[in-house]
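Scroll down for the structure; my scribbles are underneath it.
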Amino acid sequence: MLVLDGKIAAAAVKESLKIKTAQLAAEGKRKPHLAAILVGNNGASETYVASKVKNCEETGFASTLIRLADTIDEASLLSTIHELNSNPSIDGILVQLPLPKQISEQKVIEAIDPLKDVDGFHPINVGKLVQGLSTFIPATPYGIMLMLEHYKIETKGKHAIVIGRSNIVGRPMSILLSSNLKQGNCTVTICHSHTPNLKELCLQADIIVAALGRPGFVTADMVKPGAVIIDVGITRVDDSTAKKGFRIKGDVAYEEVATKASAITPVPGGVGLMTIAGLLKNTMQAYEQRADS
Ligand code: NAP
């Protein structure tokens, strides 16, 4: 059984980006620059954004973190985004989700210039993804594709089950795996909370991508021997024995499923790290596209 190690696969992506950034510096060019907006002080969001900023720095990118109070009104947030859109030194913009109730996430997503939309959530970029055009692929599904590529997982002709149909993970994942790509060409079944025969479907799958946010949902009796298991889930589960008072749990019952799988991503240390790799790749892409235009 192969552990699909996000640390190793993400380090390889980061290393290639570091080399590119060093070349840019040697040519006297500016660095790719990511601006991240964090609204409020949700613990998980703080952790994600801090990690994104740290990874930018480690890769040689510039980063700007804009912190806004959770009481901010929608118009003020949109105006901050418009400023970043027109700032020529910014290549990529991300707004960490979720946002407070008074703000429409959809309006925020649509306010970001599609050419700077390194999260790949803007409807224009989603449309391009669906049509197989060059675009920003949402960071988590992109990271998973990079992971499959790094570990040379054969996907062509395989049956993949994606559990979850969100705009940020499940749906784009299903599109990528079914696309005519090196790590695509799967026959894909996308499942959600109204799928009645999930266990039977999973038992037919060569590849399972679990992205539902239910800790330990995928158990060994749902998995065909030799299947490839990608665990996207990240849930904080209370645990008084842990230093922080909680542990991060994936959507897969790792210990038991690992005994049946041919390859599996751990949580933590799997897809989460690849998500950042996907984001960094998108930021470099945004930089290069803007430099070319
Ligand atoms: P989401 O928006 O809540 O979507 C969850 C999806 O799972 C929905 O489509 C839902 O179906 C489906 N679902 C829920 N319960 C189900 C069940 N019992 N059986 C079948 N399907 C079920 O979540 P998300 O944003 O996609 O995130 C999913 C998980 O991935 C979360 O744990 C999140 O923290 C994690 N995540 C991780 C990363 C990373 O970098 N590793 C990035 C993003 C998200 P309906 O549509 O019918 O409601």
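Some notes on this structure:
- Flag for Ile229 being away from the ligand (no atom under 11 Å from the Cβ), aliphatic (A, V, I, L, M) and within 21 Å of Met145 (Cβ to Cβ): yes
- From Lys182, Lys107, Lys128, residue being open to solvent by 60 Å² or more (accessible area, probe 1.4 Å), outside any loop (DSSP other than H, G, I, E, B), more than 14 Å from the ligand (Cβ to nearest atom) and in contact with an Asp or Glu (Cβ under 8 Å, 6 or more places away or on another chain): Lys107
- Residues located in the stretch 193-222, provided they are open to solvent by 60 Å² or more (accessible area, probe 1.4 Å), within 12 Å of the ligand (Cβ to nearest atom) and not polar (S, T, N, Q): His194, Pro196, Lys199, Arg214, Pro215, Phe217
- Residue ID - nearest to Gly127 (Cα to Cα), chosen from residues in the stretch 158-179 that are assigned to a strand (DSSP E or B) and within 16 Å of the ligand (Cβ to nearest atom): Val162
- Filter result for the condition that a residue is in contact (Cβ under 8 Å) with a residue 60 or more places away in the chain, hydrophobic (A, V, I, L, M, F, W, C) and more than 18 Å from Ser45 (Cβ to Cβ), over Leu99, Leu146, Leu94: Leu146
- Candidate set from the stretch 223-243 (those that are in contact (Cβ under 8 Å) with a residue 40 or more places away in the chain and not hydrophobic (A, V, I, L, M, F, W, C)); member that is least open to solvent (accessible area, probe 1.4 Å): Asp231
- Residue check for Asp238: within 16 Å of the ligand (Cβ to nearest atom) and farther than 30 Å from Gln23 by Cα: yes
- Filter result for Glu149 (farther than 30 Å from Ala75 by Cβ, of a type outside the set (Phe, Trp, Tyr) and either within 16 Å of the ligand (Cβ to nearest atom) or modelled with pLDDT of 95 or more (or both)): yes
Conditions (1) more than 19 Å from Arg290 (Cβ to Cβ); (2) open to solvent by less than 50 Å² (accessible area, probe 1.4 Å), marked per residue:
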residue	(1), (2)
Ser45	yes, yes
Ala50	yes, no
Ile66	yes, yes
Thr71	yes, no
Leu77	yes, yes
Ile90	no, yes
Leu97	yes, yes
Lys101	yes, no
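- Scanning the stretch 244-293 for residues that are more than 13 Å from the ligand (Cβ to nearest atom), within 25 Å of Ile208 (Cα to Cα) and open to solvent by 70 Å² or more (accessible area, probe 1.4 Å) yields Arg247, Glu255, Glu256, Thr259.
- The stretch 246-265 residues that are within 14 Å of Val3 (Cα to Cα), paired with ones that are modelled with pLDDT of 95 or more and among the basic types (Lys, Arg) (beta carbon under 9 Å, 6 or more apart): Lys260/Lys224
The values are calculated or read from the model by the stated rules, or taken from the named source; none is laboratory data. Bear in mind the structure is a predicted one, so any value in this text is a computation, not a measurement. Every residue, glycine among them, receives a Cβ derived from its backbone with ideal geometry; neighbour counts consider all protein chains shown. These accessible areas exclude ligands, DNA and RNA; they are computed on the full protein's heavy atoms, side chains included. Shrake-Rupley method; radii C 1.70, N 1.55, O 1.52, S 1.80 Å.
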